[in-house]
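Enquirer: Dumping the structure here so I can ask a few things about it.
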Amino acid sequence: MNMPRRLETILYVEDEPDIRAIAELALETVGDFTLLSCESGRQALKTAEQQHPDLILLDVMMPEMDGPEVLQKLRELPGFELIPAVFMTAKVQPGEVAEYINMGAVDVIAKPFDPLTLAVQIQDIWNRLQR
């Protein structure tokens, strides 16, 4: 039987410094994940080419390049076709969530998120994908 792979490295893209700081604390301190934190889609694409994250966590609404656009560009990088992506957004109406899933996200986390449960939420998504 294959042991599920452990989630270790997360590429996190969020343009809001306050939200990024809270998520970093939640994911690094509480979740013990390695976080590759980016403030823009452009930075995320550069970082992605140098590192190989296990999971991509993307804010949907960002200036310049929004989350779906960043995901589309990441998917074009070799080896990034199958890396699970999770969107974070305040827009979580069923129709909107379905749209994100159609764009290739494996799940959507509602904003504002709870910093105490964010790491668990992400770990649960990862565990579900490993089955």
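Enquirer: What about residue 69, is it in a helix (DSSP H, G or I) and either in contact with a helix residue (DSSP H, G or I) (Cβ under 9 Å, 6 or more places away or on another chain) or surrounded by 13 or more Cβ atoms within 10 Å (Cβ to Cβ) (or both)?
Expert: yes
Enquirer: Out of 117, 89, report the one residue that is of a type in the set (Val, Ile, Thr), without any contact (Cβ under 8 Å) to a residue 12 or more places away in the chain and closer than 23 Å to residue 29 by Cα.
Expert: Among 117, 89, only 117 is of a type in the set (Val, Ile, Thr), without any contact (Cβ under 8 Å) to a residue 12 or more places away in the chain and closer than 23 Å to residue 29 by Cα.
Enquirer: Is it fair to say residue 56 is under 13 Å from the mean Cα position of the chain (by Cα) and either more than 22 Å from residue 5 (Cβ to Cβ) or part of a strand (DSSP E or B) (or both)?
Expert: Spelling it out, residue 56 is indeed under 13 Å from the mean Cα position of the chain (by Cα) and either more than 22 Å from residue 5 (Cβ to Cβ) or part of a strand (DSSP E or B) (or both).
Enquirer: Right, another one. Which one of these is touching a residue at least 24 places away in the same chain (Cβ under 8 Å), crowded, with 16+ Cβ neighbours inside 10 Å and within 23 Å of residue 131 (Cβ to Cβ): 23, 48, 105?
Expert: 105 is the lone residue from the list that is touching a residue at least 24 places away in the same chain (Cβ under 8 Å), crowded, with 16+ Cβ neighbours inside 10 Å and within 23 Å of residue 131 (Cβ to Cβ).
Enquirer: Any idea which of 31, 79 is surrounded by 17 or more Cβ atoms within 10 Å (Cβ to Cβ) and either without any contact (Cβ under 8 Å) to a residue 40 or more places away in the chain or within 21 Å of residue 129 (Cβ to Cβ) (or both)?
Expert: Of 31, 79, the one residue that is surrounded by 17 or more Cβ atoms within 10 Å (Cβ to Cβ) and either without any contact (Cβ under 8 Å) to a residue 40 or more places away in the chain or within 21 Å of residue 129 (Cβ to Cβ) (or both) is 31.
Bear in mind these aren't lab numbers, they're just calculated from the coordinates by the rules spelled out. On a predicted model such as this, the values are computed, not experimentally measured, just so you know. Positions of Cβ are backbone-derived with ideal geometry, glycine not excepted, and every protein chain shown enters the neighbour counts.
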